[in-house]
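Asks: Have a look at this one before I ask anything.
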Amino acid sequence: MNLFRLSGDLSHLLAIIILLMKIWKTRSCAGISGKSQILFAIVFTTRYLDLFTNFISLYNSVMKCIYIGCALFTVYLIYMKFKATYDGNHDTFRAEFLVVPVGGLAFLVNHEFTPLEILWTFSIYLESVAILPQLFMISKTGEAETITTHYLFALGLYRALYLINWVWRYYNEGFFDLIAIVAGCVQTILYCDFFYLYITKVLKGKNLSLSSKVKLLDPAKSQVFKSYHYQRVDDILDLKTCTNGDKEAMDKKDYEKAVANIHRYLCLDENVIKQSVNIGSESTSINASLEVLKNARQEMSRVVSEQFDIAVRSGNEADVAIDVDIEQENEGKPQVSNRK
């Protein structure tokens, strides 16, 4: 074992210790991507399945056990013990978009088409992109705790040191593993932007955060969301008012009021209303109200047509005047008036 590999292993171990200490001491996993930790747990589990079949050295076996145990323990802390502090709203990266392509690539490009070799190759490919959910989460929140940045830096340094280790082994041992080297290069490249921010900001005592221009978008986004939310609430209230008013007007044969309620319903955005509630009894109530008003609209059209035909047959066309066709909802308020 050379110095670069040992340093890489120690850097990796340091990253794990930093992460576990952060979660345990703060009793919180805020700012930590649970999806990235699941991916890392999959990486080490699939990579070290040869733990009990292929003994290399005591050091190698111990490190394998540490990596697997710590990865699974981290997942336990995030999704069970400190689940209430997990920020799932920002940890939204679609991990399956990483696992599925990586799995397919492992079947196509590997050293040997055997179960253990394919799983080992899968773990190498997956590790190169496993940090993406964490980086994506930081981009969504706009900042990261200092301790979290230390964890990410140590994790990235581990992979960078392993690249140097492979170069050293190539020149001194003639060892060359194209799969591991390419995956390691991809993983290191993903950390490059973070390394720059870490060196220019975190090491100078500043917090890792997005630019002030990006942050200015947050209040505007919040205001837009609130306005949209309030409009949805108003539309739901209007829908219920229209439903109740239309039922009463139709029962009393007050057609002018009924048409006014139907017009009010036609001015609402039905899609926006349906997006407001999509599950539970409230959704059932909304759909029922929409159905009532649709039926009322059809009934009103029938009544107007029927009354007009009666007036025509009796020779009193002027008895029923339709000022605006209720089908033309965007042209004005529909009115039906009985004039003698």
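The values are calculated or read from the model by the stated rules, or taken from the named source; none is laboratory data. Everything quoted here is computed from the prediction, not taken from an experiment. Glycine gets a Cβ as well: all are built from the backbone with ideal geometry, and neighbour counts include every protein chain shown. What goes into the accessible areas is simple: the full protein's heavy atoms, side chains included, and nothing from ligands, DNA or RNA. Shrake-Rupley method; radii C 1.70, N 1.55, O 1.52, S 1.80 Å.
Asks: Could you say which residue among ILE118, ILE131 is at pLDDT 90 or above, of a type outside the set (Asp, Glu) and crowded, with 21+ Cβ neighbours inside 10 Å?
Replies: Checking each option against the conditions leaves just ILE131.
Asks: Report, by residue number, each residue of the range 162-196 that is among the aliphatic types (A, V, I, L, M) and open to solvent by 30 Å² or more (accessible area, probe 1.4 Å).
Replies: Listed by number, the residues that qualify are LEU163, ILE164, VAL167, LEU178, ILE181, VAL182, VAL186, ILE189, LEU190.
Asks: Any idea which residue in the range 142-156 is modelled with the lowest pLDDT, counting only those that are in a helix (DSSP H, G or I) and surrounded by 20 or more Cβ atoms within 10 Å (Cβ to Cβ)? Break it down into steps so the answer makes sense when it comes.
Replies: Restricting attention to the range 142-156, the residues satisfying the condition of being in a helix (DSSP H, G or I) are 146-156.
The next check asks that each one be surrounded by 20 or more Cβ atoms within 10 Å (Cβ to Cβ); those that pass are 148-149, 151-153, 155-156.
Numbers: THR148: 83, THR149: 86, TYR151: 89, LEU152: 88, PHE153: 89, LEU155: 89, GLY156: 88.
Taking the candidates together, the pick is THR148.
Asks: Just to be sure, is PHE113 open to solvent by 60 Å² or more (accessible area, probe 1.4 Å) and part of a loop (DSSP other than H, G, I, E, B)?
Replies: In short, yes.
Asks: For the list (1) more than 18 Å from the chain's Cα centre (by Cα); (2) surrounded by fewer than 19 Cβ atoms within 10 Å (Cβ to Cβ); (3) modelled with pLDDT under 90, I need the number of the one condition that SER139 fails.
Replies: In the conditions (1) more than 18 Å from the chain's Cα centre (by Cα); (2) surrounded by fewer than 19 Cβ atoms within 10 Å (Cβ to Cβ); (3) modelled with pLDDT under 90, SER139 misses (1) alone.
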